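The values are calculated or read from the model by the stated rules, or taken from the named source; none is laboratory data. Only a predicted model underlies this, so the values are computations on that prediction, with no experimental measurement involved. So basically every Cβ, Gly included, is an ideal-geometry build from the backbone, and we count neighbours across all protein chains shown.
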Amino acid sequence: MPRQIVVPFDDSPHSRKALEYAIETFPHGEITALHVVDPTNRYMYGDSVANEAIFERKQKRGEELLERAHELARDRGVDIETELETGAPARVVNTYAHSHDVDHVVMGSHGRSGVGRILLGSVAERVVRRSSVPVTILR
């Protein structure tokens with residue numbers, strides 16, 4: 001039975017479902033909700049002050065999302081940890097799992113297929129392909 005579980009969390013219905021699943025399935029595990037701030041559009045604009053302001057808003061928004069994860073867990077009588085990281089989401093999830101001795105990743109997927117998946121990519125797919133631990137994907 002996994003002891004350390006990480007749940008990538010962006011407060012979408014898919015990530016809320018993943019967190020609920022982790023809480024129900026691993027009631028004795030140590031669950032961490034992980035929000036990744038993706039800075040890829042940080043350099044889209046020429047004004048570095050505007051870029052920094054955008055990035056700071058994304059970080060503040062991430063903190064707010066993680067507070068919602070805490071609330072969701074508290075409503076189910078569970079205490080969880082939260083982490084805010086920066087980088088490419090799939091890479092950060094896998095690096096976090098490796099460096100924190102995570103036993104299992106539980107994450108939501110938007111379930112895109114075909115052209116949508118090709119154009120937009122799939123964080124869940126990239127996590128699964130590169131993960132060294134089991135990954136559960138929920139739609």
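General remarks:
- Of all residues in segment 79-89, those satisfying the criterion of being closer than 16 Å to Ala18 by Cβ and modelled with pLDDT of 95 or more are Ile80, Glu81, Thr82, Glu83.
- Odd one out for Glu24 among (1) modelled with pLDDT under 95; (2) loosely packed, with under 12 Cβ neighbours inside 10 Å; (3) assigned to a helix (DSSP H, G or I): (1)
- Whichever residue in segment 91-109 is among the small types (Gly, Ala, Ser) and modelled with pLDDT of 95 or more and, among such residues, is nearest to Glu20 (Cα to Cα): Ala97
- Residues in segment 27-41 that are more than 30 Å from Glu56 (Cα to Cα) and either among the polar types (S, T, N, Q) or crowded, with 21+ Cβ neighbours inside 10 Å (or both): none.
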